[in-house]
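Please read the structure below before turning to the comments.
The values are calculated or read from the model by the stated rules, or taken from the named source; none is laboratory data. If you're wondering where the values come from, they're calculated on a predicted model, not measured in any experiment. With ideal geometry, Cβ positions are generated from the backbone for all residues, glycine too; neighbour counts draw on all protein chains shown.
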Amino acid sequence: MERRSRRITNVYSGVAAVTAFVTQPIPGADELLVVPIQYTLCVQLGRSRGVSAFKLPWRSVQRIIWYGAAARLVAGVVKRAEPGAPAQEATP
């Protein structure tokens, strides 16, 4: 990886990590804020390599970003579920 690309990746990864950590207590909020950061990262990496934002493979980029966001959202919901909590019975 080129030095400039590595620097861009490190900066945006740090910003995304801090944003996700700060907004973690609010379900889904971290995804709403991290996804635009990831799109911006893709545009910046493309620019650093001389590729216009219009020529980037957006279909592949969208799949990677949104499947990752969905996986993190599902993992967050599963993590918040109380393990071992008794099932609530219906009252007759």
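Here are the numbers:
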item: Search result, residues across region 35-64 that are part of a helix (DSSP H, G or I) and touching a Cys at 6+ places or on another chain (Cβ under 8 Å); result: V61
item: Checklist (1) surrounded by 12 or more Cβ atoms within 10 Å (Cβ to Cβ); (2) touching a residue at least 40 places away in the same chain (Cβ under 8 Å); (3) not basic (K, R) applied to T19, failing item; result: (2)
item: Subset of region 17-44 that is under 16 Å from A70 (Cβ atoms) and among the small types (G, A, S) - its residue that is modelled with the highest pLDDT; result: A20
item: Some residue of region 43-53 being exposed (fewer than 14 other Cβ atoms within 10 Å of the Cβ), under 9 Å from the mean Cα position of the chain (by Cα) and within 25 Å of R4 (Cα to Cα); result: no
item: Residue match in region 68-90 (condition: loosely packed, with under 11 Cβ neighbours inside 10 Å and either in contact with a His (Cβ under 6 Å, 6 or more places away or on another chain) or modelled with pLDDT of 90 or more (or both)); result: no
